Amino acid sequence: MTAAAISPGVTRIGWIGTGVMGSSMVGHLISAGYSATVFSRSKSKAEPLISRGAHWAETPSKVAEQSDVVFSIVGFPSDVREVILGSEGALAGSKPGTILVDMTTSEPSLAVEIHQASASKGVFSVDAPVSGGDIGAKNATLSIMIGGDKEVVDSLQPLFSTMGKTLVHQGKAGAGQHAKMANQILIATNMIGVCESLLYGYKAGLDLPTMLQSVGPGAAGSWSLNNLGPRIMNNNFDPGFFVEHFIKDMGIALSEAKRMGLCLPGLALGEQLYLSVKSKGWGRNGTHALMLALSEMAGIDWKNRK
């Protein structure tokens, strides 16, 4: 069986999870002319999409019954398992030829399990976690890391290109999730550097926006510095990506590293620092809320600094 060609007005899209990123992503597909059926744990989060013509379904299974391609982007691996493999999950409602695309950052082993369970029913599955946060989701500039059968991945390109800018097929099922783990390892230690750099600049008496003008475009520049640095300076710690979800990701990466016999001390430090952030009640803030914990360690009241 081969995956069907995808085109607006013909292909029916299902979407599970309309949170910070998911709502923008499916919104781009609706704007491109695809009909959409949506499900979210809280219906209120889907209301803006429903007002744009999306159909509401009561369960992930019912989403799949009305869809040709079903996307999911939820919180934790346990959520992925429930919304895809559960008794009322998407796989239960899928007909042969349906494509399931999980865009949650989740466990590589679970992606393989979903691939195998789907294949037994004549259903295709792809793991396609993303990077770029709420900004990338809103601007359709996400980096999408994809694992799965090449023919199926190729057929999904019209949909991926509507949501993202960098689309790379990493390999077989689970490879997309492994690539995302590499991405999260980079972010973990980079965010420490971003926050410590701003703390140093502040303590040295520098004007931080002026400092950023110099270091942002140079060798020290990064997406986190240039996009989240200004938010940190403006005391805006709203989530583009939740701290508690990032802790989940680091845990997955450390578990995979342990399985491979790999020592990653920088990542282990990052996890400990973010556990501190969560313990102080900032787990539902963005990852850049690391500044709040590090500034507290430095004896600086960051939010009330002069």
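Worth a mention:
- In the chain, helical runs assigned H by DSSP with n ≥ 4 each contribute -39500 (n - 2.57); averaged across all residues and rounded to the nearest 500, the mean residue ellipticity at 222 nm is -13000 deg cm²/dmol.
- Geometric extent, Cα atoms of segment 211-305 - Rg, Dmax (angstrom): 14.6, 45
- Furthest towards positive pole of dipole, 66, 161, 53, structure part segment 12-172, Cβ charges: 53
- In percent, rounded to a whole number, the relative contact order of segment 12-172 is 19, using alpha-carbon pairs under 8 Å and six or more apart.
- Considering only alpha-carbon pairs that sit under 8 angstrom and 6 or more positions apart, the relative contact order computed for the chain is 14 percent.
- Relative to the globular-protein estimate of 2.2 N^0.38 Å, the Cα radius of gyration of segment 75-166 stands at 1.07.
- Entry for Cα extents along the principal axes in Å (calculated from the structure that is shown) out of [x] 49, 48, 35; [y] 61, 58, 39; [z] 63, 47, 34: [z]
- The charge dipole of the chain, taken about its Cα centre with unit charges on the Cβ atoms of Lys, Arg (+1), Asp and Glu (-1) only, comes to about 440 debye.
- Put the Cα centre of segment 133-197 next to the Cα centre of segment 258-302 and the gap is 22 Å.
Read the figures in this text as sums done on the coordinates, not as results from a lab. Source: prediction; values computed, not measured. Using ideal geometry, Cβ is built from the backbone for each residue, glycine included, and neighbour counts are taken over all protein chains shown.
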